[in-house]
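Written out below as structure tokens is the structure these notes cover.
Every number here is computed from the coordinates shown, using simple stated rules; none is lab data. What you are looking at is a predicted structure, and each value in this text was computed from that prediction instead of being measured. Virtual Cβ from ideal backbone geometry, glycine too; neighbours counted across all protein chains shown.
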Amino acid sequence: MIRSRIIGTGRYAPSQVLTNDELAKRIETSDEWITSRTGIKERRVAGPDEQTSDMATNAARAALEMANTRPEDLDLIIVGTISGDMPMPACACFVQAKLGAKNAAAFDVSAACAGSLYGLSIADKFIQTGAAKRVLVIGVELLSRLLDWEDRNTCVLFGDAAGAMLIGPSDREDRGVLSTHLKSDGQLAGILNIPGGGSLNPASHEMIEQRLHKVKMNGREVYKIAVRALEEIVREALAHHKLTAEDLDHVVPHQANIRIVDTVLERLGVPREKAVLNIDRYGNTSSASVPVTLDEAVRSGRIKEGDLVAMMAIGAGMAWGSSIIRW
Ligand code: ACO
């Protein structure tokens, strides 16, 4: 078996910053409420001419540059997103064209906030089997266009961003992606979704008037399920390798909510200092969250060769996953 390794990372966030105080001028909320409940201070919002695939392409270019890899060397592009440029074709195809990755197959993965870990898991299998040598995995969301800006329960939580991971074969058996673990429970589809725009509620005036094309969420249910599921899937991954939480050097969590992250860390027995956190600056960027956070930790030198890293994410579906990496 060929082990896979993350050989390049990249990120992109739009330049426009939207602070909690600015939000409080538009809706009934406050910096104090948002900060204390979520840890978010500000988020990024894409400009009117910016598309999901533009953000994804920017993050991808940074990852390719880090690994000194040309777009034409890519065999596969996987984009985790629920907010692509169009329902059809895949956002990955727009990225393929914008990069000029003429030898790459391209498709999207719909696993919401877990999209980049689902993508990493697929990439890992392509590398392991020798079916591909260079796979680009991107998590990207332009959720600001799918949020109901009058719904304070949801609009304060999310931000726009893109993160990329370039996956290739490892030259050392003891370095790279040790495993990925994925789970889902479609019985929970009702607690976080965009009900309109698909076959159930196709586009119509009525559907738009009812705002069914916007994100709907039962925050309390998401919270309860997220803490349980994330703890379980990290434990499962550690047990698989006969490792313990103490062996971890870093946790790269999906930045959903600081209270979710803190609770999971506490249950796992991992000190907060080991978690890479940036939710205060980006909010919840869904599938972009893990690769953006990873890129910050790699570029700052925080994650070093030989470190043991756990990544974890959960989102709509519900779909969740973890990965253990020896960097
Ligand atoms: N500003 C001020 N007040 C608000 C806001 C806001 N932005 N949003 C809701 N409230 C009000 C509610 O209306 C409610 O008022 P009421 O009691 O008069 O009805 C009150 O605050 C309390 O609401 P709760 O829902 O009980 O607040 P809670 O403490 O549960 O926090 C939150 C809400 C932050 C959404 C929490 O449930 C949570 O973190 N859930 C997880 C959701 C999440 O992370 N989603 C991300 C997508 S999924 C993922 O990435 C895992």
Original post:
So what is log10(I(q)/I(0)) for segment 1-85 at q = 0.17, 0.23 1/Å, when the Debye sum runs over its Cα atoms only?
Top reply: -0.86, -1.13
Subject >> segment 43-132: relative contact order as a whole-number percent, Cα under 8 Å and 6+ apart >> reply: 30
Original post:
Got a sec? Which residues in segment 211-243 would a label at Asp151 touch, if it sits 7 Å along Cα→Cβ and we count backbone N under 13 Å?
Top reply: 211-220
Subject >> Segment Arg61-Glu206, extension gain: residue separation times 0.36 nm, minus the distance between their alpha carbons >> reply: 48.1 nm
Subject >> Pairs from Lys41/Lys214; Lys125/Lys274; Lys41/Lys224; Lys41/Lys274; Lys216/Lys274 whose Cα-Cα separation, in the structure shown, is over 25 Å >> reply: Lys125/Lys274; Lys216/Lys274
**OP:** With only Lys, Arg, Asp and Glu charged, each at its Cβ (+1 for the first two, -1 for the last two), find how big the charge dipole of segment 177-326 is about the Cα centre; round to the nearest 20 debye.
**Re:** 160
Subject >> From phi via Karplus (6.51, -1.76, 1.60), per-residue ³J(HN,Hα) for segment 13-20 in Hz, x at Gly/Pro >> reply: 9, x, 6, 6, 9, 10, 8, 4
Original post:
What percent do you get for the relative contact order of the chain when only Cα pairs under 8 Å and 6+ apart count?
Top reply: 25
Original post:
Exactly which trypsin sites (Lys or Arg not before Pro) in segment 226-326 are in a DSSP loop and have at most 16 other Cβ atoms within 10 Å?
Top reply: Lys242, Arg302, Lys304
Original post:
Going by the alpha-carbon gyration tensor, a ≥ b ≥ c the square roots of its eigenvalues, is segment 224-321 rounded (a/c under 1.5) or, if a/c is not under 1.5, prolate (a/b greater than b/c) versus oblate?
Top reply: oblate
Original post:
What number, rounded to the nearest 500 deg cm²/dmol, is the helix-based mean residue ellipticity at 222 nm of the chain, given -39500 (n - 2.57) per DSSP H run of at least four residues and division by all its residues?
Top reply: -10000 deg cm²/dmol
Subject >> Cα-based shape type of the chain, given that a ≥ b ≥ c are square roots of the gyration tensor eigenvalues and the cut on a/c is 1.5 >> reply: oblate
**OP:** Starting from segment 111-214, pick out the trypsin sites (Lys or Arg not before Pro) whose DSSP state is loop and whose Cβ has at most 13 other Cβ atoms within 10 Å.
**Re:** Arg172
Subject >> Candidate lysines for bridging to Lys102, where Cα separation is under 18 Å - those fewer than 8 sequence places away on the same chain excluded >> reply: Lys133
Subject >> Rounded if a/c under 1.5, otherwise prolate or oblate - segment 4-172, Cα gyration tensor axes >> reply: prolate
**OP:** Mind giving me the nanometre distance, one decimal, between the label points for Asp307 and Asp21, set 7 Å out from Cα along Cα→Cβ?
**Re:** 3.3
